[in-house]
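Structure first, then comments.
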Amino acid sequence: MNTWLAQHWLAIIFTLKQFILTPFASMFSIFVIGIAFSLPVGTYMLLDNIQSFSKQTADTPQFSLFLELNASKSEIETIKQHLEQHPQVISFQFIPKQQALQQLMQVGTSGHAINSLTHNPLPDAFTVTTQHASPKVLEQLYETMQKWPNIEYVQFDSVWTKRLDAILELGRFVTILLATLLSTALIMVIFNTIRLQILTKRDEIEVSKLIGATDNFVRRPFLYFGAIQGFLGGITALAIVTFSILTINKELVFLFDLYSISFQLQHLSIEDNLSLLLFPTWLGWLGARLSVASYLWQIEPK
């Protein structure tokens with residue numbers, strides 16, 4: 001066990017020496033990785049904040065249920081029971097047709113025209129407040145209410161929720177696409193970096209194998225180099241995103257103060273920060289692994 005730990009410790013020291021010996025090339029690669037990963041991470045963070053902001057500013061979804069004109073009291077009670085038992089409904093209010101007519105008479109200049117009517121043309125209605133949900137869930141709720149007995153018409157403006165959801169879905173797709181492309185680019189960068197290191201250290205590798213070094217021993221420093229480079233790139237990306245949040249929030253304060261809205265971009269969660277550090281670390285290790293597997297076997301002691 002001590003021997004295994006000593007070998008890994010020596011590999012880490014060797015890797016750190018490589019960073020010290022090539023500071024500019026190493027820092028350039030790390031900075032490129034950080035910029036590359038800050039793009040999808042920043043997009044993801046922006047989408048998450050937009051979704052949170054929409055929940056803060058958007059009105060609670062409301063439905064208007066208009067009953068048939070000949071709906072009886074027992075049928076109205078049945079609809080009330082449906083609303084009370086539905087898990088998505090937060091609250092509801094029953095508006096009798098007489099109350100609706102009186103409210104209509106108080107609005108605008110239509111009172112004389114309404115007084116000339118021989119009967120009340122308005123139906124009984126319910127205003128229903130529901131929980132925030134995805135457009136798909138609200139659409140299903142709309143269809144369910146429309147099928148209830150004695151419901152003539154259900155009114156709900158779902159256009160804004162569909163538009164917002166479509167924008168967010170597009171943003172998620174773009175984020176995944178960016179992350180995939182940049183992850184592939186990172187693997188290729190690490191792959192080429194390790195390949196150059198293998199070629200420049202060909203003589204050292206041959207000598208190491210001549211004195212009995214195993215493939216794992218030779219391979220280990222390159223894998224650590226790729227993983228550490230990816231990890232430092234993740235830290236750089238985290239620093240870029242954090243600095244961007246602080247800078248943007250200063251500008252948002254002036255903008256949202258004009259509308260009396262309190263809002264700031266929220267930082268990444270602990271889970272997201274860990275993912276931002278571990279994912280490029282794994283990609284760096286993977287790129288090094290592929291490069292070592294492709295070129296190291298070609299070097300054999302003569």
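Restricting attention to segment 175-226, and to residues there that are surrounded by 13 or more Cβ atoms within 10 Å (Cβ to Cβ), among the hydroxyl-bearing types (Ser, Thr, Tyr) and modelled with pLDDT of 80 or more, which single residue is nearest to TRP9 (Cα to Cα)? Residue satisfying both the conditions and the ranking: TYR224. Being in a strand (DSSP E or B) and either at pLDDT 85 or above or among the hydroxyl-bearing types (Ser, Thr, Tyr) (or both) is true for just one of SER91, SER54, SER74. Which residue is that? None of the other options fit; the residue is SER91. Restricting the first member to segment 137-152 and to residues that are charged (D, E, K, R), and the second to residues that are assigned to a loop (DSSP other than H, G, I, E, B) and modelled with pLDDT of 80 or more, the beta-carbon pairs closer than 8 Å and six or more apart or on different chains are GLU152/GLU68; GLU152/LEU69; GLU152/PRO123. Among the residues of segment 277-298, is there at least one that is more than 30 Å from GLN51 (Cα to Cα), loosely packed, with under 13 Cβ neighbours inside 10 Å and either modelled with pLDDT of 75 or more or touching a strand residue (DSSP E or B) at 6+ places or on another chain (Cβ under 9 Å) (or both)? The answer is yes, given that some residue of segment 277-298 is more than 30 Å from GLN51 (Cα to Cα), loosely packed, with under 13 Cβ neighbours inside 10 Å and either modelled with pLDDT of 75 or more or touching a strand residue (DSSP E or B) at 6+ places or on another chain (Cβ under 9 Å) (or both). If LEU10 satisfies all but one of (1) modelled with pLDDT of 80 or more; (2) closer than 30 Å to VAL189 by Cα; (3) exposed (fewer than 15 other Cβ atoms within 10 Å of the Cβ), what's the number of the condition it fails? Unmet for LEU10, out of (1) modelled with pLDDT of 80 or more; (2) closer than 30 Å to VAL189 by Cα; (3) exposed (fewer than 15 other Cβ atoms within 10 Å of the Cβ): (1). Taking the numbered list (1) crowded, with 16+ Cβ neighbours inside 10 Å; (2) at pLDDT below 85 in turn, LEU69 passes all entries but (1).
The values are calculated or read from the model by the stated rules, or taken from the named source; none is laboratory data. This one's a predicted model, so the numbers in the text were calculated from it and none came from an experiment. A quick note on method: Cβ atoms are made from the backbone with ideal geometry, for glycine too, and the neighbour counts reach across all protein chains shown.
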